[in-house]
């Protein structure tokens, strides 16, 4: 077990934090600086936020001997990515009152707001609380937002499967009342120490991610998570879940001990009680055996590789008290969002709107944020976020479809979705500059421009109808899931990226580095060469990922 000696500094901070309270109250009262105390900067992650600064202005402010322009990102906990219309209205106004105004849809089916000043954190959290929303455990060394296949049309049993996201999220919430005391002014009970059997006073060694998929669509990239649950539906009934563990995409440039990994299949579990028990005990194994000395090697994937999959299953069965069954047959055939109008088994309509890199804002060309506010004000639709940074205008009754459609059309949202090319719709980018402290290169601010230069190459070779997945991250941390794309860009320095190819289209094979540290000219030249070969040499029905793996990766 991971105990005692050589603990990383963050482990000391967690254990000494008094249930994640630290000195946050004192930090907030210090109006001399826009930053929090150093230890508190680690603790606020458990409360769903990060301290950041405007990296575009660092040099200027340093030259003027001014403190960096600190602000905060707050991320909501939204199991399965669901919002009611009144919650969207509230989110819209909170974003306008306290943040940059942009609503950012993340790759984990939630939203985050950037640019919140220290003095506005509590008002922001309080405003969310009035909407029955919170940011508890949206970041930090705990289980984060639980994902689930987003579209209600995926299966007649979508709602039954979807409910597991909330059940797992509640199961894995920290028991401390620190969030309520610090941000919502709840009175602390004297000498009351919360008992937290799952996290104890150590929490997990590193972040933890869980997702639920409904075949045949792997829209949430289930194998990239620490725990992946795959719904097994037979004869119109949910029989249980196949459970995989040990996925994770983060790595560190120049450190061969770190690597992306897809989850290993552990087995099948039938009943809700056993599913929840299995998830819980996988987390306790990671709590007890995860690496607490080196955070770069602290994810569950490294724990499993160190212990071994058979030994991990044996320990899991010892802790749960029951054996896992053999995994049931399943098949993924796609990994994408279905844009436009789709009707589900209940006769309700859902419109999937393309939101490039998840940025909901108003521009001169497209008033998307205002348009979605009008949809919310109609009260005729819920909002469901996808794992690909898009939003579904969801659960619309037949009688209301015309009204909702008119709003979407009036604000240009239908035209925006329909005119976007497939390679653009199948793209993802992380936040990167100007706020992410880990970013080495641009991502969300640059990828749309790069795609505009890639699209003519795609058209040149007649590939515009191909559903090629393309993803970009500003560093190797994996937030944009680039290692699991057919084409992945990983930032190495400003304007430079590693180019990866050969991932499959359904998310069951990672890609491989093809070229190191290249800029835009070489990127475009390389893609021209790759697409030329693909268009002339591919086999019938062969995807770009499978072709590039066969031609350039498998033989080496």
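The requirement of being without any contact (Cβ under 8 Å) to a residue 40 or more places away in the chain, over 21 Å from residue 41 (Cβ atoms), surrounded by fewer than 16 Cβ atoms within 10 Å (Cβ to Cβ) and not assigned by TED's automatic domain parsing to the domain that holds residue 350 is satisfied by residue 175. Counting only helices (runs of 4 or more DSSP H) that sit completely within region 20-65, those holding 3 or more residues that are surrounded by 20 or more Cβ atoms within 10 Å (Cβ to Cβ) and outside the structural domain of residue 207 (by TED's automatic domain parsing) correspond to 38-43.
Considering each of 301, 296, 274 in turn, give the residue that is out of contact with any helix residue (DSSP H, G or I) (no Cβ under 6 Å at 6 or more places or on another chain), assigned to a helix (DSSP H, G or I) and surrounded by 23 or more Cβ atoms within 10 Å (Cβ to Cβ). If you could, list the steps in order and put the result at the bottom.
Values: 296 fails: surrounded by 23 or more Cβ atoms within 10 Å (Cβ to Cβ); 274 fails: surrounded by 23 or more Cβ atoms within 10 Å (Cβ to Cβ).
Checking each option against the conditions leaves just 301.
Suppose we filter 111, 94, 182, 161 for residues that are within 26 Å of residue 194 (Cβ to Cβ) and modelled with pLDDT of 95 or more; which single one remains?
Details: 111 fails: within 26 Å of residue 194 (Cβ to Cβ); 94 fails: within 26 Å of residue 194 (Cβ to Cβ); 161 fails: within 26 Å of residue 194 (Cβ to Cβ).
Unique residue meeting the criteria: 182.
When 80, 48 are checked against the criterion of being under 20 Å from the mean Cα position of the chain (by Cα) and over 22 Å from residue 185 (Cβ atoms), 80 stands alone in meeting it.
The values are calculated or read from the model by the stated rules, or taken from the named source; none is laboratory data. Since the model is a prediction, treat every value here as computed from it, not as a measurement. All Cβ positions, even for glycine, are placed from backbone atoms using ideal geometry, and neighbour counts span all protein chains on display.
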